Amino acid sequence: MKNVKLICTGCDKEFSVNELHYRCDECNEPLELEEAKDGKISKGNLLNQTILDRYVDFFPFLDINDEISLGEGFTSLVESKKLAENIGIKNIYFKNESQNPTWSFKDRGTALGVQHALKLGYRKIGTVSTGNMAPSVAAYGSKMGLDTFIFVKNNIAPEKLNPIGIYNPNLIKIDGDYGKLYYESLKIGRENDIYFINSDVPFRVEGSKTIAFEICEQLDFDMPDYVVVPTSAGGNIRGIEKGFREFKNCGLIDKIPKIIVAQASGCDPIYRAYSNGDERISRIDNPHTIAHAIENPFPPSGNQVLRMVRNNGGTVVSVADEEIIRAQAILAQGGIFGQPASAVPLASIIKLKNDGYIKESDSVVSIVTGSGLKYTAALDKHDLTSYTCKLEELSEYIREIS
Ligand SMILES: Cc1ncc(COP(=O)(O)O)c(C=O)c1O
Ligand SMILES: [Zn+2]
């Protein structure tokens, strides 16, 4: 490993990157890798590079194990001129993270986490998840032949359980307070030599930096005004903001976009703390939203996301389930089928434009974090139509309706 430190986001205490540390032993806030101060994008053939090869200067590894990669990252940035016109803004781009190997952004952080785990000599990995992180960690663990432990909620639906089970990890349904499992898993990990790649551990945050790096390259380093990220634990948005900060440090961009934290009103602890002017988040009782993937009532990086967004100058927004479903349909009209959580940024953009926060002259990037096929139950909320027709009447029928 290069000579870089892990630094506490709360009190600046330093920790070694050659040992497994997730959170500060003084103030319990999440740790973050020291910012890259200089670096450049590697040249090379994009078709056979991994994200780690391309952005190696921005990571602490002296050598990269390419075997770990499943081809994560390098996802499309899709512009929708029609939608920008309808919303009344200059440009809107969708970073389509459903193109990742297990159909969500989680694969970036999992690839980085496994890279670090193997460097430290771990042969056991794990995670706590009800959604996208579980299949991601299970897939990478399976590829590398690691002993993989996945803790899920007891009442998880088969639609979510089976796409984890197919990779054959140690899949454990936990009967008990799921909210306590994040911290419990870190303890179990320490006792059993399991590297838990949970939602906001430092190397998962490092993986999300590559979303920002790619956006910079895809926009030819001409920065948008806003980047809008659906936020739950806070790991992904922290990584995206850090990525822009590091490219600015290195002179690759001259402005950091304003970051917008997008939450669902059924579970919006960061929004509530931000609106109240609080420095710390409070737990939400009885969270409930159609955007299940962002339903964390007590996000482990919540306080740090508050500090980050205040420094960055962006804002926090919360949208109702009806706005989310409507945005999911609008996103699909633009050709992209995201899961409800991934429609939260678009719902937020529409709301912020109506409120006058986002202006006509603004360019906005929306992060579509995961695939709509992950949660097909949400399709019941849409008024979807199809027609039935006899084969011999088909020709006439098409003539009529076309
Ligand atoms: C589809 C989707 N969007 C957004 C998020 C939120 O990311 P984070 O928990 O890092 O804030 C998640 C997290 O599980 C997710 O699965
Ligand atoms: Zn600390």
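According to the Cα gyration tensor, what semi-axes, each the square root of 5 times an eigenvalue, does the equivalent ellipsoid of segment 229-331 have, listed from largest to smallest in whole Å? Could you put the intermediate results ahead of the total?
Details: eigenvalues 121, 56, 23 Å².
One finds semi-axes of 25, 17, 11 Å for segment 229-331.
Put the Cα centre of segment 156-171 next to the Cα centre of segment 12-48 and the gap is 31 Å. Ordering Gly73, Met144, Pro60 by Cα displacement along the dipole of the chain toward the positive end leaves Pro60 in first place; charges were set at the Cβ atoms of Lys, Arg (+1) and Asp, Glu (-1).
Its alpha carbons give the chain an Rg and a Dmax of 21.0, 75 Å. Over segment 276-402, the fraction of Cα-Cα pairs per 5 Å bin, rounded to whole percents and listed from the shortest bin up, is 2, 9, 15, 17, 16, 14, 10, 6, 4, 3, 2, 2, 1, 0.
Among the trypsin sites (Lys or Arg not before Pro) found in segment 315-402, those both in a DSSP coil and sparsely packed, with 10 or fewer other Cβ atoms within 10 Å of their Cβ, are Lys390.
With a 1.4 Å probe and every protein chain left in place, tell me how much accessible area Arg54 has, in Å² to the nearest 10. For Arg54, solvent-accessible area is about 30 Å².
Here Tyr183 sits with roughly 90 square angstrom of accessible surface, probe radius 1.4 Å. Near Lys5, the amide H atoms lying under 5 Å from its own belong to Glu34; only residues 5 or more places off or on other chains count, and H is placed 1.01 Å from N. If you take the Cα centroid of segment 217-233 and the Cα centroid of segment 123-142, the two points sit 26 Å apart. Overall, segment 1-107 carries a charge dipole of about 640 debye about its Cα centre when +1 sits on the Cβ of Lys and Arg and -1 on the Cβ of Asp and Glu, all other atoms neutral.
Modelled spin labels at Cys27 and Asp383, positioned 7 Å past Cα toward Cβ, are 5.2 nm from each other. Each residue of segment 3-9 is assigned a 3J(HN,Hα), and the resulting list reads 7, 10, 10, 8, 10, 6, 6 Hz, derived from the Karplus form 6.51 cos²θ - 1.76 cosθ + 1.60 (θ = phi - 60°), x at Gly and Pro. At full extension, Ala157 and Asn3 could sit 51.0 nm farther apart than now, given 0.36 nm per residue minus the alpha carbon distance. For the chain, calculate the relative contact order in percent as a whole number, restricting contacts to Cα pairs under 8 Å that are 6 or more residues apart. It comes to 16 percent, rounded to a whole number. Extending 7 Å from the Cα toward the beta-carbon at both Asp147 and Leu391 defines two label points whose distance is 5.8 nm. Using 0.36 nm per residue and subtracting the Cα-Cα separation, the extra length available between Arg280 and Leu252 on full extension is 6.8 nm. Relative to its Kirkwood radius, the Cα radius of gyration of segment 208-253 gives an Rg/Rh of 0.96. Of the residues Leu112, Asn170, Leu379, the one whose Cα sits farthest toward the positive end of the charge dipole of the chain, with +1 on the Cβ of Lys and Arg and -1 on the Cβ of Asp and Glu, is Leu112. Our coupling estimate for segment 25-40, obtained by passing each phi through the Karplus curve with A = 6.51, B = -1.76, C = 1.60 and θ = phi - 60°, is 7, 9, 10, 6, 7, x, 8, 9, 5, 3, 5, 5, 9, 9, x, 9 Hz, Gly and Pro reported as x.
Close amide H pairs (under 5 Å, H built 1.01 Å from N) link Asn91 with Ser363, Val364, residues at least 5 positions away or on another chain. Length available on full extension from Lys13 to Arg272: 0.36 nm per residue minus the Cα-Cα distance, which gives 90.4 nm. For segment 46-173, the Kirkwood estimate of the hydrodynamic radius, built from every pair of different alpha carbons, is 16.2 Å.
Which peptide among 270-279, 170-179 comes first, and what is the full order, when sorted by highest mean count of other Cβ atoms within 10 Å?
Highest-to-lowest ranking by the protection proxy: 270-279, 170-179.
Counting only Cβ charges, +1 for Lys and Arg and -1 for Asp and Glu, the dipole size of segment 93-238 around its Cα centre is about 500 debye. Restricting attention to the chain, close to 30% of DSSP beta bridges with both partner residues there are antiparallel. If you wrap the tightest convex hull around every Cα atom of segment 193-289 and split its volume per residue, you get 144 Å³.
Computed from backbone phi with θ = phi - 60° and the Karplus coefficients 6.51, -1.76 and 1.60, the 3J(HN,Hα) list for segment 310-324 is 5, 5, 6, x, x, 8, 10, 9, 10, 10, 7, 4, 5, 5, 5 Hz; x is used for glycine and proline. Taking R0 as 30 Å, what FRET efficiency do you get between Asp220 and Lys37 from their Cβ-Cβ distance, rounded to the nearest 0.05? Computed FRET efficiency for Asp220 and Lys37: 0.80.
For the chain, give the magnitude of the charge dipole about the Cα centre (Cβ charges: +1 Lys/Arg, -1 Asp/Glu; no others), in debye to the nearest 20.
Values: 45 positive and 54 negative charges, 71 e Å.
So the dipole magnitude of the chain works out to roughly 340 debye.
The values are calculated or read from the model by the stated rules, or taken from the named source; none is laboratory data. Please read these numbers as outputs of a predicted model, since none were measured by experiment. Glycine also receives a Cβ, built like all others from the backbone with ideal geometry; neighbour counts cover every protein chain displayed. Note: areas computed on protein heavy atoms with side chains; ligands, DNA, RNA excluded. Shrake-Rupley method; radii C 1.70, N 1.55, O 1.52, S 1.80 Å.
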